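The block underneath contains the structure these notes are about, expressed in structure tokens.
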Amino acid sequence: MSRSRDLPPTGTAVVLGAGGLLGQAFHLGVLTALAEVAGVDARRADILVGTSAGSLVASGLAAGLSAAELRADVLGGRSTTRGRSPRPSSSPRLRMPDRAPVPQARGPLAPEVLLAAARWPFGVRAGAVASGLLPAGRLGTSGIRRAVHALHADQWPDRDLRLCAVRARDGRRVVFGTPGAPRVDVGTAVSASCAIPGFFTPVQIDGDAYVDGGAHSPTNADVVLRERPALVLISSPMTGVLRPRADVGLRLAVRRYLAHEVRRLRRAGSDVVVFQPGEQDLEAMGLNPMAGGRAADVVATAAASTRARLEARSDLHERLRTSLWGG
């Protein structure tokens, strides 16, 4: 429900952006440090928003798993399901696959997206158009769906969970878990949100192909704009400090999207706190966001950099400590 502009902002939102397997690791490093240093438990946010890798973390939080439990799951340690019983070792982990895809199919996934872009030139973003023009990826997302389904089964959680994907045929963002979006189980929504164009197989829902929500925006923080939360915490693995490296152009483009979303939220009265990679985080990440062998280092480095920021900024620490999540 949207809030009147005459009323003060209220509530909290956690926004977890795209970034591949190492983006997921970054989220977990940030969230575990926030819990340990500031008592911030992301499970208690009023709104959880996830895109791509962030949708995996958000779905785990919505199932009641702590950041520490999710970290153990991603890194291959003892993990739990919704009932808090140990997950069988044969069960898929709640993480993005990191093996190489088989060769792509030929031809664009959804060439009709060009017509949609011509009809709505300001409603379809360039990344979404490009996602429809790439060949369909060949690496399946069934493992992602199974892992999430083990937590949620066929039910959407009784809380505000929003998972972002892009409909290939017209490049439009679809936010599962909100009115007007197709009704699907959480596992299907997460697998659609994670379907990186040209890498993962698109997810079919009601006859439409869906791909990674990062094709519209790697953060999608503006999906909470109407609610005007008092505090919005954003974890953005795909931005960070800008220095000469092969992906600086991509990170600059994502940073512009994020800056626009943050400006809109702040104009609406929300206090926005953004966590993004620093120099050491980027060094740990490298250039391949799907390099699973780096996940443990990324979690540790992100936790350390977040902890250092909180300890150096007493004002930030206090803002978070006294939020609805703090102790």
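What do you get for Rg/Rh of the range 178-235 when both radii come from the Cα atoms and Rh is the Kirkwood radius?
Values: Rg = 13.1 Å, Rh = 12.9 Å.
Rg/Rh: 1.02.
How do Glu279, Glu227 stack up against each other in accessible area, from largest to smallest, with a 1.4 angstrom probe? List each step's numbers first, then the result.
Working: Glu279 95, Glu227 35 Å².
Per-residue accessible area, sorted high to low, gives Glu279, Glu227.
Which order, highest average first, do 116-124, 193-201, 27-35, 210-218 follow once you tally other Cβ atoms within 10 Å for each residue and take the mean per peptide?
On the way: 116-124: 13.3, 193-201: 25.4, 27-35: 27.4, 210-218: 29.2.
In descending order of packing, they fall as 210-218, 27-35, 193-201, 116-124.
Hey, what does the equivalent ellipsoid look like for the chain, semi-axes from the Cα gyration tensor as sqrt of 5 times each eigenvalue, largest first, whole Å? It would help to have the intermediate numbers written out before the result.
On the way: eigenvalues 149, 107, 83 Å².
They are 27, 23, 20 Å, listed from largest to smallest.
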- Message: Run the simple label-point estimate for Arg159 and Arg321 please: 7 Å along Cα→C-beta, distance reported in nm.
- Response: 2.4 nm
- Note on the structure: Cα gyration tensor of the range 117-216 diagonalised, 5x eigenvalues square-rooted, in angstrom largest first, produces semi-axes 23, 16, 9
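Dividing the Cα radius of gyration by the Kirkwood radius, what Rg/Rh value follows for the range 231-287? Walk me through the numbers before you get to the answer.
On the way: Rg = 12.3 Å, Rh = 12.0 Å.
My calculation of the ratio gives 1.02.
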- Query: Considering only DSSP beta bridges whose two residues both sit in the range 199-327, what percent are antiparallel, to the nearest 5?
  - Reply: 40 percent
- Item | Calculated log₁₀ intensity ratio I(q)/I(0) where the Debye formula runs over C-alpha points of the range 210-322, q = 0.11, 0.18, 0.23, 0.24 Å⁻¹ | -0.40, -1.05, -1.36, -1.38
- Note on the structure: Probe 1.4 Å, heavy atoms of protein chains only: per residue, the accessible area of the chain in Å² is 42 Å²
- Query: In the chain, what % of DSSP beta bridges are antiparallel (nearest 5)?
  - Reply: 40 percent
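Using Cα pairs closer than 8 Å and at least 6 residues apart in sequence, work out the relative contact order for the range 204-263, in percent.
Details: 30 pairs, mean separation 22.5, N = 60.
Result for the range 204-263 is 38 percent.
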- Query: Label-point separation (nm) for Ala312 and Ala259, each offset 7 Å from Cα along Cα-to-Cβ?
  - Reply: 2.1 nm
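Over the range 104-169, with every protein chain in place, what whole percent of the accessible area is carbon and sulfur at 1.4 Å, could you tell me?
Using a 1.4 Å probe with all protein chains present, the range 104-169 comes out at 54 percent carbon and sulfur.
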- Just how large is the dipole of the chain about the Cα centre, in debye to the nearest 20, putting +1 at every Lys and Arg Cβ and -1 at every Asp and Glu Cβ? 300 debye
- Can you tell me how much longer the chain between Ala230 and Arg267 gets when fully stretched, taken as 0.36 nm per residue apart minus their C-alpha distance, in nm with one decimal? 12.1 nm
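Hey, any idea what % of the range 183-311's accessible area is carbon plus sulfur with a 1.4 Å probe?
Values: 2620 of 5030 Å².
Answer for the range 183-311: carbon and sulfur cover 52 percent of the accessible area.
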- By per-residue mean of other Cβ atoms within 10 Å, what is the highest-first order of 249-257, 141-149, 45-53? 45-53, 141-149, 249-257
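The values are calculated or read from the model by the stated rules, or taken from the named source; none is laboratory data. Small disclaimer: the values here were computed from a predicted structure and weren't measured. Note that we place each Cβ from the backbone using ideal geometry, even for glycine, and neighbour counts take in every protein chain shown. Heavy atoms of the whole protein, side chains included, go into the accessibility calculation; ligands, DNA and RNA do not. Shrake-Rupley method; radii C 1.70, N 1.55, O 1.52, S 1.80 Å.
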